[in-house]
Amino acid sequence: MAEEPKKGDAVGSGVGGREAEEEQVVNPWEVTAKDGGKIDYDKLIEKFGCQRLEESLVRRVERLTGRPAHVFLRRGVFFAHRDFNEILDVYERGEKFYLYTGRGPSSEALHFGHLVPFMFTKYLQDAFKVPLVIQLTDDEKCMWKNLTVEESKRLARENAKDIIACGFDITRTFIFSDFNYVGGAFYENMVKVAKCVTFNKVVGIFGFTNEDHIGKISFPPVQAVPSFPSSFPHLFSGKDNLRCLIPCAIDQDPYFRMTRDVAPRIGYQKPALIESSFFPALQGETGKMSASDPNSAIYVTDSSKGIKNKVNRYAFSGGQDSIENHRKYGANLEVDIPVKYLGFFLEDDAELDHIRKEYGAGRMLTGEVKKRLIEVLSELVERHQRARAAVTDEMVDAFMAVRPLPHMFS
Amino acid sequence: MGYTKDELLARLKELQIDFVCYDHPAVLTVEAQAKYVGHLGGALSKNLLLKDKKHRYYVVSALANTNIDLKVLSQRLGLGKGGLRMAAEEALQEILQVPLGCVTPLALINESARDVSLLLDQGFKSQESCYFHPLTNEVTLSISANSLDKFLVSIGRQPSYVDLEANPAVGKDNPPDLASLVPSGIPTLPDKVENAVTSIPTGNDGLTVEKPTKLAGEAKSPAALQKEKLQKVQSSIDPLAEATNIEKLVKEIMNKTSTAFLNEITKDLNDSQIAPSISDVVKRRVSSDLEHMMMSLKNAAYTQGFQAGFQATLRSSLQSLSMQK
């Protein structure tokens, strides 16, 4: 799986090049807005053919789970879906489902944008009390980033530690890396899927060209088959009708459009999706988060001093250039990064509303907003680092062991 | 902390149980409740929380016009003539976790009520819908007896319907017919010095005193039945899953702590309103961190166990392999 938007890493430049001039480009390897502006999510939903996540669905989730919805649902971070309402129907009937998410381990350093889908998936696991499989696509990164097999396997294990630190329940979670797990029933499903997708189709969906090596072209089934319970015989044996819900960023949609197309043809249920928007870079929506620029994001390894420094110096402000102008015109909330980040991580709805109101009216200054953000982020990072310190190699081994999970639905 | 009305209703929905809710101002008696919902056609219930001399608790839930004679009931349970009385107000809070005037079979969803016995009026079975409080006095829940059964089974209970007005003779040749409904575990209440007797009551207790030795043999069977029943109930609740339910644990810890705090603080403060809202804020802030820490603990403990299991299997395999040579 790919993560945040990266310019210049585009694969399939043929397709990308044609579109980049006129339209935005969103696929697992490239996310660029039109004319260097903002991503138009409405257009994206229309183009992809998924659904908007309406308020009524959020209320329904609250009713069914008996607890307040996660911040990301309340604030529209997870804003689109495919068949999420069906999953809720299934759940209401007393049937179960399982969760599937993943990460492409391309770098050791994880930032908050990477954690967003995992934080949300943990909430889903706790709220619905369902099992989860997490795929680490070390093979994908080995191919796309030209890493050695050993290095990509090592990164997979390192990333697994940060993922575990998000608070997943070991009695309900199976983490696997492709290099370790592909084979057996999983591989059988890969072949079944591969038989149903022509070369033309993958070129159309993913933008592959004749110059791309065959590893890339045959990769998509690897990311597709965790949606099918029969890929995990040690977990879901005999439960062939178990539905799957996939929380992911919306740039992963192409993989699962392909999967949903193939599923009925091989006698499987279509996976459902719940999709998030992109996490903005510190320097603003139009900036790019890149592994080479440590100031473009807040990393989970940052100290509280480092966070304070980064936010104060690099977080793009929507405030006016002078205090008088600011008091007069207020802040531009559309582009202000601190307020956007607070939208992701500040739990208290009332407080966020207050900040937006006061800052937008010019009564609150950028410095105050940044200060609050620094507090919130520092708390989060501290909690993550504490949890991360408790994750050992043995714990990773246990999470990744091919073992039954007898209490996965309790 | 006890279940809230909303959590209860969410659970009923999960179980696909049909129900209707009627809101009304808080009511403490059946008469008051009747003023608001009495005309709607369902059967009002009267609910009692009773206690015996060995501090065992019973919820008796009956149609409003069923006559309940505590003396008769006491004998039928094998508790002697004066063995049952109304439980104290504190017990409502501590065991059923409902307010005054709100005793209801639905309160058995709470862990604290796991040792409470439930007696249901068989008259409910012939009613289309029965009215109970869903953990609050401000709502009446209308539900069929079948649906109530479904709910009870889902929380690990066997519904026991009893002819509450019957008055069978209890004596040497007629053992107490409801003796199997006497709980065998004893709930321990905080702040009370109890002799926590965990064994099953021996045959002689509570029976009318007549030829004890002979009765001892007979009486064991209802007691043994009770043990069996409890074992059946316990096997449907997975103890490991219960013990590793982090959310529940955190809720309990936070509640105990904040209750203790509140008690101390309100001793000195005149205004007892501030403290609860402060404790809510504190709870929210700490609960989240506490939940994360507990998850780390759970995962670490599992890992240690996993390692140990793996090593043990490895050793025994190697041993059996080397013995084969």
Next on the checklist: Show me the helices (runs of 4 or more DSSP H) entirely contained within region A:334-410 in which 1 or more residues are under 27 Å from A:Ala297 (Cβ atoms) and of a type in the set (Gly, Ala, Ser).
Outcome noted: A:337-345, A:349-361, A:366-389
Checklist entry - If we keep just the residues of region A:52-74 that are in a loop (DSSP other than H, G, I, E, B) and of a type outside the set (A, V, I, L, M), which is farthest from the other protein chains (Cβ to nearest Cβ)? => result A:Glu54
Next on the checklist: So, A:Gly267, is that one farther than 16 Å from A:Phe344 by Cα and in contact with a helix residue (DSSP H, G or I) (Cβ under 6 Å, 6 or more places away or on another chain) or not?
Outcome noted: no
Next on the checklist: If the requirement is being touching a Leu at 6+ places or on another chain (Cβ under 7 Å), touching a residue at least 40 places away in the same chain (Cβ under 8 Å) and either surrounded by fewer than 20 Cβ atoms within 10 Å (Cβ to Cβ) or acidic (Asp, Glu) (or both), which of these qualifies: A:Leu245, A:Leu235?
Outcome noted: A:Leu235
Next on the checklist: Residues that are more than 14 Å from chain B (Cβ to nearest Cβ) and modelled with pLDDT of 95 or more: does region A:35-49 have at least one?
Outcome noted: no
Checklist entry - Based on what the data block shows, is A:Ile175 out of contact with any Gly (no Cβ under 7 Å at 6 or more places or on another chain), buried (at least 22 other Cβ atoms within 10 Å of the Cβ) and in contact (Cβ under 8 Å) with a residue 12 or more places away in the chain? => result yes
Item to check | Residue list for region B:167-179, filter: more than 9 Å from B:Leu77 (Cβ to Cβ) and either modelled with pLDDT under 70 or not acidic (Asp, Glu) (or both) | outcome: B:Asn167, B:Pro168, B:Ala169, B:Val170, B:Gly171, B:Lys172, B:Asn174, B:Pro175
Item to check | region B:8-61: number of residues that are part of a helix (DSSP H, G or I) and within 14 Å of chain A (Cβ to nearest Cβ) | outcome: 7
Next on the checklist: Please list, ordered by residue number, the helices (runs of 4 or more DSSP H) wholly in region A:192-293 having 2 or more residues that are among the hydroxyl-bearing types (Ser, Thr, Tyr).
Outcome noted: A:253-262
Next on the checklist: Filter region A:75-134 down to the residues that are more than 14 Å from every other protein chain (Cβ to nearest Cβ) and part of a loop (DSSP other than H, G, I, E, B) and list them by number.
Outcome noted: A:Arg75, A:Gly76, A:Val77, A:Asp83, A:Gly104, A:Pro105, A:Ser106, A:Ser107, A:Glu108, A:Ala109, A:Leu110
Checklist outcome for this item: Scanning region A:332-363 for residues that are β-branched (Val, Ile, Thr), crowded, with 19+ Cβ neighbours inside 10 Å and in contact with a Gly (Cβ under 9 Å, 6 or more places away or on another chain) gives A:Ile337, A:Val339
Checklist outcome for this item: Going through region A:321-371 in order, the residues found to be in contact with a Lys or Arg (Cβ under 7 Å, 6 or more places away or on another chain) and farther than 27 Å from A:Phe120 by Cβ are A:Gly362
Checklist entry - For region A:170-211, how many residues are under 30 Å from B:Ile246 (Cβ atoms) and either more than 14 Å from every other protein chain (Cβ to nearest Cβ) or basic (Lys, Arg) (or both)? => result 5
Item to check | Residue within region A:372-392 that is away from chain B (no Cβ under 14 Å) and without any contact (Cβ under 8 Å) to a residue 60 or more places away in the chain present | outcome: yes
Checklist entry - Which condition number does B:Tyr131 fail, the rest of (1) closer than 15 Å to B:Leu181 by Cβ; (2) surrounded by 18 or more Cβ atoms within 10 Å (Cβ to Cβ) being met? => result (1)
Checklist entry - So is A:Asp321 more than 23 Å from the chain's Cα centre (by Cα) and either modelled with pLDDT of 95 or more or assigned to a helix (DSSP H, G or I) (or both) or not? => result no
Next on the checklist: Take the conditions away from chain A (no Cβ under 14 Å) and either loosely packed, with under 15 Cβ neighbours inside 10 Å or hydroxyl-bearing (Ser, Thr, Tyr) (or both) and apply them to B:Thr66. Does it pass?
Outcome noted: yes
Item to check | Scope region B:139-178; condition in a loop (DSSP other than H, G, I, E, B) and touching a Cys at 6+ places or on another chain (Cβ under 8 Å); matching residues | outcome: B:Ser144
Next on the checklist: I need the full set of residues from region B:84-128 which are touching an Asp or Glu at 6+ places or on another chain (Cβ under 7 Å) and surrounded by 22 or more Cβ atoms within 10 Å (Cβ to Cβ), in order please.
Outcome noted: B:Leu84
Item to check | Cβ-Cβ under 9 Å pairs, at least 6 apart or on other chains, region A:80-95 side surrounded by 14 or more Cβ atoms within 10 Å (Cβ to Cβ), far side among the hydroxyl-bearing types (Ser, Thr, Tyr) and outside any helix (DSSP H, G or I) | outcome: A:Ala80/A:Ser276; A:Ala80/A:Ser277
Next on the checklist: Quick check on my filter: what residues within region B:91-128 are polar (S, T, N, Q) and closer than 20 Å to B:Ile17 by Cβ?
Outcome noted: B:Thr104, B:Asn110, B:Ser126, B:Gln127
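The values are calculated or read from the model by the stated rules, or taken from the named source; none is laboratory data. As the structure is a prediction and not an experimental result, all values here were calculated from the model. We place every Cβ from the backbone using ideal geometry, glycine too, and count neighbours over all the protein chains shown.
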